[in-house]
1. How many residues are under 9 Å from Cys186 (Cα atoms) and either touching a Cys at 6+ places or on another chain (Cβ under 6 Å) or assigned to a strand (DSSP E or B) (or both) if we restrict to segment 36-74?
2. Out of all the residues in segment 98-132, which are of a type in the set (Ser, Thr, Tyr) and in contact (Cβ under 8 Å) with a residue 24 or more places away in the chain?
3. Across segment 11-35, which residue is modelled with the highest pLDDT among those that are among the acidic types (Asp, Glu), farther than 21 Å from Ala107 by Cα and part of a loop (DSSP other than H, G, I, E, B)?
4. Give the residue that is nearest to Asn143 (Cα to Cα), with candidates limited to residues of segment 42-97 that are out of contact with any Asp or Glu (no Cβ under 9 Å at 6 or more places or on another chain), touching a residue at least 40 places away in the same chain (Cβ under 8 Å) and of a type in the set (Ser, Thr, Tyr).
5. Look through segment 64-77, keep the residues that are in contact with a helix residue (DSSP H, G or I) (Cβ under 8 Å, 6 or more places away or on another chain) and of a type outside the set (A, V, I, L, M), and return whichever of them is nearest to His93 (Cα to Cα).
6. Of all residues being of a type in the set (A, V, I, L, M) and part of a loop (DSSP other than H, G, I, E, B) in segment 75-118, which is nearest to the chain's Cα centre (by Cα)? Just the residue, please.
7. Could you check segment 77-113 and list, in sequence order, the residues that are surrounded by fewer than 12 Cβ atoms within 10 Å (Cβ to Cβ) and under 20 Å from Ser42 (Cβ atoms)?
Amino acid sequence: MCVVSGCGRFGFESDQAGIGQLDAASDTVVADASADLVLCYSAFDGPIYVDDVVNSANLAAIQLRFDQALRIRRLETFTGEVTGQSTLGIRDHDLSANLPGAERTSAQFGIVPAIGWQGVDLPIAVDIPADTPFWFTLVPANNAQAPIETNSGGASTDPAAQLYRVFFNDAWNGPFREAWKLRVWCE
């Protein structure tokens with residue numbers, strides 16, 4: 001179920017003075033980050049989420065691809081419930097293995113217990129050419145709220161948010177299907 005006008009929105013600007021936490025009561029974004037960015041992609045960005053589903057501190061990767069070039073500067077996910085460090089990043093796509101490739105950039109942020117949109121400005125902007133797959137990566141703090149809207153393992157109809165692979169002992173496992181709640185902000 002998606003609450004805010006469509007799952008997997010692409011190419012719209014924030015009408016707020018800044019970007020940051022979603023106020024679940026009003027479906028508005030509360031300013032707390034770089035005001036010069038444009039929300040260039042969001043998936044399942046309403047206040048609905050599966051409660052009592054938590055992450056472990058493994059590396060998850062969600063494959064994305066867009067039909068226009070992007071210059072990515074900020075990543076966000078829907079999390080909370082604990083305090084601790086999480087990492088969001090971007091990896092290239094390894095075409096020969098059809099897996100996440102080299103890390104392009106990543107940054108840590110401190111999770112706060114209030115469940116909502118949390119994220120980080122990347123240390124460098126990442127240019128993604130049109131129609132080029134890449135991977136949105138997440139290493140959550142242990143026991144943090146999982147950033148999923150449904151836990152049905154296949155209910156996602158958004159083609160850009162259907163796959164993730166989890167890194168355990170140098171091997172990727174998956175793919176699995178979830179309705180991942182994520183946002184990509186661009187310059």
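The values are calculated or read from the model by the stated rules, or taken from the named source; none is laboratory data. Keep in mind it's a predicted model, so treat the numbers as computed, not measured. Using ideal geometry, Cβ is built from the backbone for each residue, glycine included, and neighbour counts are taken over all protein chains shown.
1. Count: 9.
2. Residues satisfying the conditions are Ser106, Thr132.
3. Here is the first cut: in segment 11-35, the residues among the acidic types (Asp, Glu) are 13, 15, 23, 27, 32.
Applying the additional criterion that residues be farther than 21 Å from Ala107 by Cα yields 13, 15, 23, 27.
Okay, now just the ones that are also part of a loop (DSSP other than H, G, I, E, B), so 13, 15, 27.
Details: Glu13: 31, Asp15: 30, Asp27: 38.
Of everything passing the filter in segment 11-35, Asp27 is modelled with the highest pLDDT.
4. Filtering segment 42-97 for residues that are out of contact with any Asp or Glu (no Cβ under 9 Å at 6 or more places or on another chain), touching a residue at least 40 places away in the same chain (Cβ under 8 Å) and of a type in the set (Ser, Thr, Tyr), the one nearest to Asn143 (Cα to Cα) comes out as Ser56.
5. Top of the filtered list is Arg65.
6. Ile115
7. none
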